[in-house]
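> Take this structure first; my questions come after.
Here, each number is a calculation from the coordinates, and none is a lab measurement. Predicted model only: the values in this text are computed from it and were never measured. Heads up, the Cβs are rebuilt from the backbone with ideal geometry, glycines too, and the neighbour counts pull from every protein chain shown.
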Amino acid sequence: MDVKIEEVSPCRNRVQITVPSERVRETFDRHYKDLKSAVNLKGFRPGKVPMSFLEKKFGSEVAQQVKINLVEESLEEALKEHKLDPISEPELELDKILVERSADMAFEAFVEVRPTFDLPEYKGVKVDAPAVEVTDEEVDAEIERIRRQHATLEPCEPDAIGDDHVLEATVSVMVGGETAVKDEPQMIGPKTSSAAGIVVDGLREKAVEAGIGGTARVDVEVPSYFPDAQFRGKAATMIIKIAEAKQIVLPALDDEFAEQLDFDDIAELRTRVTDAIRAHKDSDAHRAIEEQVLDSLIEKAPFSVPPGLLKRQVDRLVARARVDLESQGKSGEEIDEAIGEIAKAQEEDVTRSIKVSLLLDEIAKKEKIFVTEDELSRHLEALGARHGQTGDQVREQYEAQNLIGEVRFHLREAKTRAVLRENAKS
């Protein structure tokens, strides 16, 4: 087999392969032999179908399978022989590859490979370790957030509608003379920004202005993700009828409230909240140290990122951003204007993310870091505990989605990051 390798750009190689006619013919013969043994055709005894008949009836299917097998096998051999470490699937035009029973089969593929670089010293890197402190104001704010989560709504007749009120309303959406939404119940709180799945600028203000018993009419555009496709992208009128106001009533901050949350008293609640905030801040501080070390390593080990890998990841994030902008009710012109800036920012972020992943992988190899089955099981048990499931149930779900490998990957990266953090110097 003849193989030629050409580096056409950093991390990108053209691989030209010529499979000799003898191997092509042997592969054809093997496929026809297997087919002859397996096929069951009317008028022929098993294994006795003439080769000429098989070639006439199944020739194109056999040739396609021969082509696929030879491409896969020869590429794998070529990459292994030339010590190329692909970072993504090879690019090739299968339809343009010609395969004939007694002729050489030539083709080319483009392969992106992992960049090679000298790993800099990653232990003893100097960092500025953030100080971790929890203030009384932070604890008070978190307890207030917990109280709001457990608030109740009680009917009221306020003189004025304030931030401690929620408006109970019904929403209809008219597109021309057709009804897209009819009298859909809607609670409009201080931060409500959409109704019937449509983002409305100043929704709360418009509802408050209409008042209890009043009606607000708003011109809107039906978003591209609206359930009924016939209305998507069309101008519409939203009709908001305000039925009544309800007051947000927070629970009293006493031991009884703490007991409802499974704490002995308010003192224990406050202690637990303080511990939770400190743990979150500790995690942020650890991450900041790790990122400082990684920034230093990226600076000391400059290398190119595979362009195809970069483009695929950026395209995926930009597509997600486009959906988010559409869900916010942005116009096509606004979205197109924003996407350019988003793509540029994402390219910078993704470039760094890929470099970080490659550096962590090299460090993990050098430190012989791997994830044990016991570590994986403990992690799955912890995930399950958060959602009322067993570790085995979580494992079953992840395995069904082929995500166990991803879990191992992230656990390995976390262990590698810990090595960087624990060996940093402040």
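> To one decimal place, what orientation-averaged projected area in nm² is obtained for the convex hull of the Cα set of region 273-375?
Seen from a random direction, the Cα hull of region 273-375 projects 10.7 nm² on average.
> Can you sort Cys11, Cys156 from fewest to most other Cβ atoms within 10 Å of each residue's own Cβ?
Cys156, Cys11
> What are the residues whose amide H is under 5 Å from the amide H of Cys11, where those residues sit 5 or more places off or on another chain and H is modelled from the backbone?
none
> Please compute the alpha carbon radius of gyration of region 2-112, then divide it by the globular-protein estimate 2.2 N^0.38 Å. Two decimals is fine. Each step should come with its number before you reach the end.
Values: Rg = 16.9 Å, N = 111, 2.2 N^0.38 = 13.2 Å.
So region 2-112 has a normalised radius of gyration of 1.29.
> Follow-up. Taking neighbour Cβ counts within 10 Å as the exposure measure, how do Phe231, Phe117 sort from fewest upward?
Ascending Cβ contact count within 10 Å gives the list Phe117, Phe231.
> Taking every pair of alpha-carbon atoms in region 369-426, what share in percent sits in each 5 Å bin, from 0 to the bin with the longest distance?
Using 5 Å bins, I get a P(r) of 4, 19, 24, 21, 14, 8, 6, 3, 1 for region 369-426.
> Over region 152-249, what per residue volume does the convex hull of the Cα atoms give, in whole Å³?
Spelled out: Cα convex hull of region 152-249, divided by residues, is 91 Å³.
> How large is ³J(HN,Hα) for each residue in region 78-88, as worked out from phi by the Karplus curve 6.51 cos²θ - 1.76 cosθ + 1.60 (θ = phi - 60°), to whole Hz, x for Gly and Pro?
Calculated HN-Hα couplings, in order: 5, 5, 5, 4, 9, 6, 9, 9, x, 9, 7 Hz.
> Using the Cβ atoms and a cut-off under 13 Å, what net charge is assigned to the surroundings of Val62, where Lys and Arg are +1 and Asp and Glu are -1?
+3
> Just to confirm my numbers, what's the Cα centroid distance between region 294-325 and region 209-266 in Å?
38 Å
> Still on this structure, I have one more. Under 22 Å from the Cα of Lys355, which lysines turn up, not counting those fewer than eight places away in the same chain?
By straight Cα distance, Lys355 reaches Lys83, Lys123, Lys126, Lys300, Lys311, Lys344, Lys365, Lys366, Lys368, Lys415.
> Another one. Can you pull the semi-axes for the chain, root of five times each eigenvalue of the Cα gyration tensor, sorted largest first, whole Å?
Values: eigenvalues 631, 259, 113 Å².
With the √(5λ) rule applied to the chain, the semi-axes are 56, 36, 24 Å.
> May I ask you to sort Leu119, Leu309 by Cβ crowding, counting other Cβ atoms within 10 Å and putting the fewest first?
Ascending Cβ contact count within 10 Å gives the list Leu119, Leu309.
> Could you work out how far the C-alpha centroid of region 78-97 sits from that of region 100-133, in angstrom?
If you average the Cα positions of each part, the centres end up 16 Å apart.
> Output ³J(HN,Hα) for region 151-164: one whole-Hz value per residue in order, computed from phi by the Karplus curve 6.51 cos²θ - 1.76 cosθ + 1.60 with θ = phi - 60°, and x for Gly and Pro.
6, 10, 10, 10, x, 7, 10, x, 5, 9, 8, x, 5, 9
> Could you pull out every one of the lysines with an alpha carbon less than 29 Å from that of Lys191, ignoring same-chain neighbours closer than 8 positions?
Within the straight-line cut-off, Lys191 pairs with Lys182, Lys206, Lys234, Lys241, Lys246, Lys281, Lys330.
> Let me have the relative contact order for region 81-224, percent, based on Cα pairs under 8 Å that are six or more residues apart.
Relative contact order, region 81-224: 12 percent.
> What are the ³J(HN,Hα) couplings of region 62-72, residue after residue, when phi is run through the Karplus curve with 6.51, -1.76, 1.60 and θ = phi - 60°? Round to Hz, x for glycine and proline.
5, 4, 5, 5, 4, 4, 4, 4, 5, 5, 4
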